[in-house]
Amino acid sequence: MTDGARTATRTGSGPAQAATHCPYCALQCGMVLRATGDGVEVGARDFPTNRGGLCQKGWTAADLLDHSDRLTTPLLRDRPGGELRPATWGEALDRIAAGVRDVQQRHGPDAVAVFGGGGLTNEKAYALGRFARVTLRTRHIDYNGRWCMSSAAAAGNRAFGIDRGLPFPLADLGRADTLLLVGANPAETMPPLMQHVTDLRERGGRLIVVDPRATATARQADLHLQPLPGTDLAVANALLHIALTEGWLDRAYVAERTTGFDEVRRTVAGYWPAEVERLSGVPVADLYATARALATVDRAIILTARGAEQHAKGVDTVTALINLALALGLPGRPGSGYGCLTGQGNGQGGREHGQKADQLPGYRRIDDPAAREHVAGVWGVDPDSLPGPGVPAYQLLDALGTPSGARALLVFGSNPVVSAPRAARVESRLRALDLLVVADFVRSETAELADVVLPVAQWAEEDGTMTNLEGRVLRRRALREPPAGVRTELEILAALAGRLTDGAPLPSDPREVFAELGRASAGGPADYAGITWDRIDADTGVFWPCPDRDGPDTPRLFADRFPTPDGRARFHAVTHRPAAESVCADYPLHFTTGRVLAQYQSGAQTRRVAALRRAAPGGFVELHPDLAARLGVTEGAPVRVVSRRGELRAPARLSTAIRPDTVFAPFHWPGAQRANSVTNDALDPVSGMPEFKICAVRVEPA
Ligand code: SF4
């Protein structure tokens, strides 16, 4: 059955049904929504990524559609410190337009900034970029995906000349003989993915997990390497050192398909396994077993996720693992390669079409004159009128309300008060703004600070496209109309553009926006020109690049060449360096963060779902029983985790799954349990990724 056979159906009096995808993570599990007498029922459907499986978040996603916290009218704050009050759309949009005009007249176009999200559809991400560059004429636009994928994206671009999370279909995992997961915990973050790992293991393949915690995924592994947080790069270089000394390299592949190996060879020569064991805590025997398992099989896959990437050296860590994959000749072979597990629902598409500070649609660079000319032509504006590159997300937020930063901010699909690193600092910057606008469907912690809150449609009420972790473009299909009083982000942007300029109107119909996106992306690395909604409907999605309506799409990349000028992949020599913040007498422990199965990102949505709240009611601090005994902490007792930037308070959860020198907290909760009160805002110099995954703390009974 094609995906098209399951498109939305409506009958005059009968129940409506729509085949769509989960609103949450990048696995984008296929689901069917059915209207019942008193709500919406979720069913799983067979799709290549989830094969009929859903996790608890997906099963309960419809609970938010008619939730009592749902916003159905705009809210306005009349004066600083006053309460938000219901307002009409006319009042709200007029207030925003007047505020934007006032700020830009006083401080210039860049004084207004836009902050987007990795959960927005491709159409919204594209429209947001166009709105920022053409309507607002600001260079300041970035999005929360900067905190998710940017290190893997930058490493992929510099090694392969392209950034597509998985350069092969997810089902390839089941064809591999060895799968190495570095800093990834899909058993909790995207459980249906584990079906593909099961395929691998049933064929006799091996799963190896690198993680400082014995996560649900690590517990299923044949081998678990448990390094000190922040030492993955050294581990990767040691694996390549071993492959080199054991003669396990694919020399023909390195010679024919890559450049730059000699410097990498010299660099990894110094990564003696015994020294890396002292640095990381990973036994030499496990390093050898891992290198052997990757290098002496026909097919091996290396995947990274946030555990490896969310560091101030995240780009170099991913690069070290790509170096390993290239030296073993993995990329471009079926059932083999390197990939990154994208996090947010449209983390992939959201970074391809203009939400990123340095990009134009089609993954073009905004400082490339040819790209500016092409996209300006589609937008009907002078290329010279387009602003230049802005700054990455944290720098954008950190400067708000200061002489060098924006004075007004429009937030779409993000909740940085909970999700930003060093969140108290970001919260104070948001409070310093002249105008804060938040579009959301609930009063998130960021919306609570806003001057104007705009209620938007939810996933079951809108049409559009998403691009999943495989680079597969999918259809999101509406089951029902949004409630009265609610608008889509596309309608909001079009209405604001109409108030702010007398130029060409911004389309608000998603199909029309997607067609324009295709034209704007034509010829770019992420070329969607050949993709139409009808074509997606006729199959199980379309993999980009797909430049021609009549031509093929691209499920697998790199079979014959890499999209670099000479067609070869590029090695880059990278060296280990310590975390931005070292432990010391005052802050003697390592702190790391992550997710739990029943919550998602900042929790603004999932914390409101009763079943998920029951499953994961609040934050906690995971610590080893030996450490707890030293601190005088017992199971469930309240503890404080204190860093140089702030503290969190939550009950202790004792577990041997974590190293005794490291503590862990999930980042889904606000207020006193906000893990990001503690995290470090040190940034990767290439990607702008904050160092979420390691900082120095002390823990004490609260
Ligand atoms: S794994 Fe991800 S996409 Fe699938 S149901 Fe869960 S949250 Fe949704």
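Ignoring everything except DSSP H segments at least 4 long, calculate the 222 nm mean residue ellipticity for the chain; use -39,500 (n - 2.57) per segment, divide by total residues, nearest 500.
-8000 deg cm²/dmol
How would you classify the stretch 530-602 from its alpha-carbon gyration tensor, with a ≥ b ≥ c the square roots of the eigenvalues: rounded for a/c under 1.5, else prolate if a/b is greater than b/c, otherwise oblate?
Note, shape of the stretch 530-602 comes out oblate.
Heads up, I need the accessible area for ASP66: 1.4 angstrom probe, whole protein in place, Å², nearest 10.
Counting only protein heavy atoms, the figure is 100 Å².
Quick check: with the 1.4 Å probe, what order do ARG34, ARG372, ARG476 take by accessible area, largest first?
So the residues, ranked largest to smallest area, are ARG34, ARG372, ARG476.
Keeping all protein chains in place and using 1.4 angstrom, which order do HIS572, HIS311 fall into by accessible surface area, from largest down?
These residues rank, largest area first, as HIS572, HIS311.
Roughly how far apart, in whole Å, are the Cα centres of the stretch 352-401 and the stretch 21-78?
32
Does the stretch 525-667 classify as rounded, prolate or oblate by the C-alpha gyration tensor (a ≥ b ≥ c root eigenvalues; a/c under 1.5 gives rounded; else a/b over b/c gives prolate, otherwise oblate)? Numbers along the way, then the final one.
Details: a/c = 3.77, a/b = 1.81, b/c = 2.08.
Note, shape of the stretch 525-667 comes out oblate.
Got a sec? What order do ASP560, ASP368 fall in by accessible area at 1.4 Å, biggest, i.e. largest, first?
Greatest to least solvent exposure: ASP560, ASP368.
Under the Karplus relation 6.51 cos²θ - 1.76 cosθ + 1.60, θ = phi - 60°, what is the ordered set of whole-Hz ³J(HN,Hα) values for the stretch 534-549, x standing for Gly and Pro?
5, 5, 5, 4, 7, 8, 8, x, 9, 8, 7, x, 9, x, 10, 4
Determine the share of the chain's accessible area contributed by carbon and sulfur atoms, expressed in whole percent, with a 1.4 angstrom probe.
49
On average, how much accessible surface per residue is there in the chain, in Å², for a 1.4 Å probe, leaving out ligands, DNA and RNA?
On the way: 23160 Å² over 702 residues.
I get 33 Å² per residue for the chain.
Across the chain, how many lysine pairs, 8 or more positions apart or on different chains, have C-alpha atoms separated by under 25 Å? Please give the number.
Numbers: LYS57/LYS124; LYS57/LYS693; LYS124/LYS356; LYS313/LYS356; LYS313/LYS693; LYS356/LYS693.
Here the count comes out as 6.
Given the C-alpha centroids of the stretch 545-569 and the stretch 409-476, what is the distance between them in whole angstrom?
Going from one Cα centre to the other spans 34 Å.
In whole angstrom, note down how far apart the Cα centers of the stretch 217-272 and the stretch 609-664 are.
Between the Cα centre of the stretch 217-272 and that of the stretch 609-664, the gap is 34 Å.
Under the classification rounded if a/c is under 1.5, otherwise prolate if a/b is larger than b/c and oblate if not, where does the stretch 224-381 fall, given a ≥ b ≥ c as square roots of the Cα gyration tensor eigenvalues?
Judged from the Cα gyration tensor, the stretch 224-381 comes out prolate (a/c at least 1.5, a/b above b/c).
The values are calculated or read from the model by the stated rules, or taken from the named source; none is laboratory data. Keep in mind that this is a model prediction, so the values were computed, not measured. Areas reflect the complete protein model, heavy atoms only, side chains present, ligands, DNA and RNA absent. Shrake-Rupley method; radii C 1.70, N 1.55, O 1.52, S 1.80 Å.
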